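*Asks:* Take a look at this one; I'll ask things after.
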Amino acid sequence: MNALLTIALASLAGGGQPAQPGPAPTFQVVSEVAKEKGQIFFNELKYRKESVQVEREVVVNGMMVKQVVTEQVVVSELIKTAIDLGQARVITPDGKQLALDEVFKRLKKDTIVVVSGNANTPGQPYLRALSPDALIIIPPADKNIPMPK
């Protein structure tokens, strides 16, 4: 009995769990293609909280008085981001790297692409879930921002 327990524990300690595939890539919709610049653009809707001062009428000791109160509101903004494809790699789910001319033949406005989450090739579990026609963009690492491991 102890031998079976030892074997079971040894198999778990020896890497019974598969390696983590890294951060998930994101799906992006191409909003603009600038072939002459070698860039593609995405529009991302971002939300943030903001404090605003609002004047309200409230009842204090039976009398209506005006008070300025601070309220939290959610503000949305559309942010346009670009990827320079001359600095990036573009691959298919089977790992084949595409030439820039081929990439621009396939990229049009409203094309959905997959963007790597950490400037590395996405893990195999993510790649297996994609259509063979998918374009995976692997942008270069920003030297000023540490990338997740």
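The values are calculated or read from the model by the stated rules, or taken from the named source; none is laboratory data. Note that the structure is predicted; figures quoted are calculated from it, not measured. Note that each Cβ is placed from the backbone with ideal geometry, even for glycine, and that neighbours are counted across all protein chains shown.
*Asks:* Exactly one of these conditions fails for SER116: (1) loosely packed, with under 13 Cβ neighbours inside 10 Å; (2) under 19 Å from ALA141 (Cα atoms). Give me its number.
*Replies:* (1)
*Asks:* Residues VAL68, VAL73, VAL90, VAL58: which one is assigned to a strand (DSSP E or B), buried (at least 16 other Cβ atoms within 10 Å of the Cβ) and over 15 Å from the mean Cα position of the chain (by Cα)?
*Replies:* None of the others qualify; the one that does is VAL90.
*Asks:* Sticking with this one: Just the residues that are in contact with a Lys or Arg (Cβ under 9 Å, 6 or more places away or on another chain) and among the β-branched types (Val, Ile, Thr), please, taken from the stretch 72-89.
*Replies:* VAL73, VAL74, VAL75, ILE79
*Asks:* Right, another one. Residues VAL73, VAL58: which one is over 30 Å from ASN120 (Cα atoms), touching a residue at least 12 places away in the same chain (Cβ under 8 Å) and either touching a His at 6+ places or on another chain (Cβ under 6 Å) or not small (Gly, Ala, Ser) (or both)?
*Replies:* Sole residue among the options that is over 30 Å from ASN120 (Cα atoms), touching a residue at least 12 places away in the same chain (Cβ under 8 Å) and either touching a His at 6+ places or on another chain (Cβ under 6 Å) or not small (Gly, Ala, Ser) (or both): VAL73.
*Asks:* Checking VAL58 against (1) modelled with pLDDT of 90 or more; (2) more than 21 Å from PRO21 (Cα to Cα): exactly one of these is not met. Which one?
*Replies:* In the conditions (1) modelled with pLDDT of 90 or more; (2) more than 21 Å from PRO21 (Cα to Cα), VAL58 misses (1) alone.
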